[in-house]
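Heads up: the structure comes next, in structure tokens.
The values are calculated or read from the model by the stated rules, or taken from the named source; none is laboratory data. Bear in mind the structure is a predicted one, so any value in this text is a computation, not a measurement. Cβ placement follows ideal geometry from the backbone for every residue including glycine, while neighbour counts extend to all protein chains displayed. Remember, those area values only see protein heavy atoms, side chains included, never the ligands or the DNA or RNA. Shrake-Rupley method; radii C 1.70, N 1.55, O 1.52, S 1.80 Å.
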Amino acid sequence: MIWHITRKELLVNLQSLRFLIGLVVSALMMGIVGYVLVEDYAARVQKYIADVQEHREALAQTKVYSTIAVVVDIPPSPLSVFSRGSQDLPTAVQVSPYHVPSLIDEAGGSASIGLSGTSSQPSNPLLRMFTSIDLGFVISTILSLFAVLLVFDSFSGEREQGTLKLLLSSSAGRSHLLAGKYLGALLTLAIPLTVGFLEVMILWALHPALSFDASVWAGVGLVYLASLLFLSGFLALAMFLSLYAKESSSCLMYLLLAWVTVAVVIPAGGGFVAEYLRPLGLRENMLSESERASTEFMKALGRIDYRQIGPWNNVSTNPFEGESFLGITQEEAYNRLAYNQKVVPMKFQFAEDRFRVVESYARALRSWGRTRDNLIRPSLCVAYDNIVKAVAGTDVDSFDDVVRKARLYRDMMMAYLRPRSGTPAWFTRVFDYPDVQPTESNQKYWQSLIEKQGEQAVEKILSWDRVSPLDLSAMPSPAVGMRGAAERVEGALPDALFLFALCLLFLVLSILRVRHYPLN
Amino acid sequence: MIQAIDLTKRYEDGLLALDHLNINILPGQIYCLLGANGAGKTTTINLFFNFIEPTSGTALLNGKDCTKEPLLAKQFAAYVSENVMLYGNFTARQNLDFFTKLSGRKNLGKEEYYMVMRQVGLPERAFEQRVKTFSKGMRQKLGIAIAILKQSPALLLDEPTSGLDPKAGAEFVELLLRLRGEGKAILMSTHDVFRAKEIADVIGIMKEGVLIMEKTKEDLKYEDLEKLYLKYMEVS
Ligand SMILES: Nc1ncnc2c1ncn2[C@@H]1O[C@H](COP(=O)(O)OP(=O)(O)O)[C@@H](O)[C@H]1O
Ligand SMILES: [Mg+2]
């Protein structure tokens, strides 16, 4: 019974002009956005491969342990075609003895190594709230508008056309009619959706630089299901509202109003409202606390006695970072080693302390972000966007996960480095290259070299370039990948359930309402 | 088969459109409900299909309460409206197929649809034509074809012949008589006194929601229905 109505609805829809227009518009939009984002993804993959290579080479050139910095590059998600996610999420996380990665890379005085892909500004993904145009956006705006145009007159149209009574004089009940029409509209909408997905898959398959494994296809399947769920929910809402107006024209007005509210006003307005609710002074607090910690740290350092012995050549020190000494005497190396044995643990401690300050700021912002998310979640579009982001792994949670894994990796790295922090190789290589030591005889020799060949000759001797890199093969390397499929699905689940519940709610309300829908 | 017990409808705006209607139509009977515009004829028929809910009283189809068990009750009756409207982009047969399936009849072949369309007098060329090109008469015929295919024991027709040309009207009457012959209980509202007299077994005259007269064919043999009708319309 319901199926016959569904079939009829489908046929009527397919023969309608609005379907044709909607199909063309959505196919065009999804094709264009899909094309742009597939290209964008391919470019980011290239960049990622180059970055990984560059960072690996840089690490392989490390000359002393204290300057080790592992840059964990985050592979771009192939599903980012569907959801670019929060804009400006860093593409890499840096891990070093003096830097504990946090969700927010702010106040990281020691993070002097420019992370590729990040801007020069400190990255704070928690403050971004408007996402970019991606397939998820097209689906949640264009296809939901399509849904509105499809069902705004599903009852009023039949009433005005005069077929409603004949329909209901059959053995079909009103709720059968509702269900049939609902499913018919859903099947109709599934066509542009499927066409859009096929377009993207073809673009992927045709792209010479891209290839995908089964898990990606499974992800695409999930996004497809999520899109169907979203459209089901939106249709249910539209259906429900359409039962409140007698004339098709006023139905259309109501529904367009609802569409603007759900697709535009709530997502944007919620963000603005949340901006007012943002805890004030958090950032200032964090910065001043971080400042205070630094000052205290510097004071504590000052209390440690240190007297330099002999000249320093080609030395770089910074209390917040690793240090490297090349042109010093053995005596000074031992002197420095003794100093370091007191100071390095303090530096490690300071890194942890500063991390805690930044992290507590991050957590506070995160919980404000959750409030904001909850504020705008009632909009089906937002819930849908959340699902797609979670499945695609482009949400803040996924990035948070990467950072957490990077921290775990740092623990392993520190287990390897801690024993080495008490050795000369932590900061110098003078023992391997006695000719760089500014001993009296060496200095005399350098003087003569300068006279004969100029400054460059000495610079060559005192250059780190001569120094062979450390053998880091025993150091653990990071295994920080994207979250597993199960985790991502788990991340998407709350919003999916919410969407499902909304869909059911609107359907139940529609069924209650249709019983009293006036036929005259 | 078609029964109303103290059936009353007061619309939301307070208008009493139907006031304690009592009728009982047996199988093989044609009951004509006569009345001017606004008398409450459509209201009566709407109540049987649960298009609207009665204020009080009961409408029964084959003993089933049309308000409490509408889905069950509706199975026993087919509906033909004053102006049958169908899906314009579907052909006659597609419309027939859709509504017949909705009434729970399955596995009907093309031939069976054609047969019924012939029976109601639709021209052969129209069978596979889109309904949006149909005249009102053709649509009324298709409407009755839908009703026939439902194979229900009761038939409720709301001014089915209004606006039909005389020939089409006469064909329509033929058809109704044949259906009566098959033992169907038929309720037809009309304001056409002549046609009512021609076919009705029982005639009821309705005025402002009240059934003011009900006479059988026998009662009317020696009376002039038209005069009666006008007389009843005058007094109030
Ligand atoms: N939905 C409605 N709401 C209010 N009044 C109505 C409604 N439908 C019909 N009426 C009124 O009820 C009365 C009976 O109408 P109706 O049953 O359509 O008469 P008929 O079919 O005999 O011409 C009329 O006065 C009409 O204006
Ligand atoms: Mg009427």
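Local charge sum around B:Lys207 (other residues, Cβ-Cβ under 12 Å, Lys/Arg +1, Asp/Glu -1)? Residues close to B:Lys207 contribute a combined charge of -1.
For chain B, the longest principal axis of the Cα atoms and the long axis of helix B:225-234 meet at an angle of about 60 degrees. Sequentially through segment A:72-85, phi angles give Karplus couplings (6.51, -1.76, 1.60; θ = phi - 60°) of 8, 7, 9, x, x, 7, x, 7, 5, 4, 7, 8, 5, x Hz, Gly and Pro residues having no value and appearing as x. Take each residue of peptide A:160-167, count the partner chain Cβ atoms within 10 Å of its Cβ, and average: the result is 6.
How big is the Cα convex hull of segment A:373-508 in projection, averaged over all directions, in nm²?
Details: hull surface 57.3 nm².
Value for segment A:373-508: 14.3 nm².
Binning all Cα-Cα separations of chain B at 10 Å, short to long from zero, yields these whole-percent fractions: 8, 32, 36, 19, 5, 0.
Leaving out ligands, DNA and RNA, calculate the buried accessible area for the pair A and B with a 1.4 Å probe, summed over both sides, in Å² to the nearest 100. All intermediate terms of the calculation are to be shown ahead of the outcome.
Numbers: alone 24280 and 11270 Å², together 33250 Å².
Accessible area lost upon association: around 2300 Å².
Alpha-carbon geometry of segment A:446-490: the Rg and the Dmax are 24.0, 71 Å, given in that order. The alpha carbon centroids of segment A:144-181 and segment A:434-450 are separated by 96 Å.
Per residue, how many Å² of accessible area does segment B:40-169 show with a 1.4 Å probe? Please report the intermediate quantities before stating the final value.
Working: 4830 Å² over 130 residues.
With the other protein chains kept in place, segment B:40-169 gives 37 Å² per residue.
Heavy-atom accessible area for A:His99, with the other protein chains in place and a 1.4 Å probe, reaches approximately 10 Å². Working from Cα positions, state the angle (0 to 90°, nearest 10) between the long axis of helix A:266-277 and the longest principal axis of chain A. That helix lies at roughly 50 degrees to the long axis.
A:Ala268: net charge of surrounding residues, Cβ under 13 Å, Lys/Arg +1, Asp/Glu -1, itself excluded?
Numbers: positive: A:Arg372; negative: A:Glu275, A:Asp385.
The answer is -1.
Once Rg and the Kirkwood radius are both taken over the C-alpha atoms of segment A:27-71, their ratio Rg/Rh works out to 1.37.
Rounded to the nearest 20, the Cβ-based charge dipole of chain B about its Cα centre (Lys and Arg +1, Asp and Glu -1) stands at 880 debye.
For segment B:94-108, a reduction of at least 20 Å² in accessible area between the chain on its own and the assembled protein chains (probe 1.4 Å) is found at B:Phe98, B:Phe99, B:Lys101, B:Leu102, B:Ser103, B:Lys106. Modelled spin labels at A:Leu493 and B:Lys68, positioned 7 Å past Cα toward Cβ, are 4.7 nm from each other. As a calculated quantity, the FRET efficiency between A:Arg292 and A:Leu225 at R0 = 56 Å, using C-beta atoms, amounts to about 0.65.
Rounded to the nearest 20 debye, the dipole magnitude of chain A is 1540 debye, with +1 charges on Lys and Arg beta carbons, -1 on Asp and Glu beta carbons, and the Cα centre as origin. For chain B, the longest principal axis of the C-alpha atoms and the axis of helix B:136-150 are separated by about 90°.
Carbon and sulfur atoms: what percent of the 1.4 Å accessible area of segment A:298-390 do they account for? Please report the intermediate quantities before stating the final value.
Details: 2020 of 4040 Å².
Here carbon and sulfur together make up 50 percent of the probe-accessible area.
Using label points projected 7 Å from each Cα along Cα→Cβ, tell me how many nm separate A:Thr317 and A:Ser441, to one decimal. Roughly 2.8 nm, to one decimal.
Could you give the Stokes-Einstein D for chain A in µm² per second, using the C-alpha Kirkwood radius, 4 °C, 1.567 mPa s? Answer from the Stokes-Einstein relation: 48 µm²/s.
Dipole size of segment A:378-488 about its Cα centre, with +1 on Lys/Arg Cβ and -1 on Asp/Glu Cβ: approximately 240 debye, rounded to the nearest 20. Taking each DSSP H run with n ≥ 4 as -39500 (n - 2.57) and averaging over every residue of the protein assembly as shown yields -18000 deg cm²/dmol at 222 nm.
Which net charge results for the neighbourhood of A:Ser248, defined as the other residues with beta-carbon distances under 13 angstrom from its beta-carbon, given Lys and Arg at +1 and Asp and Glu at -1? Result for the local shell: -1. Between A:Leu277 and B:Phe127, the simple spin-label model (points 7 angstrom out along Cα→Cβ) gives 6.7 nm.
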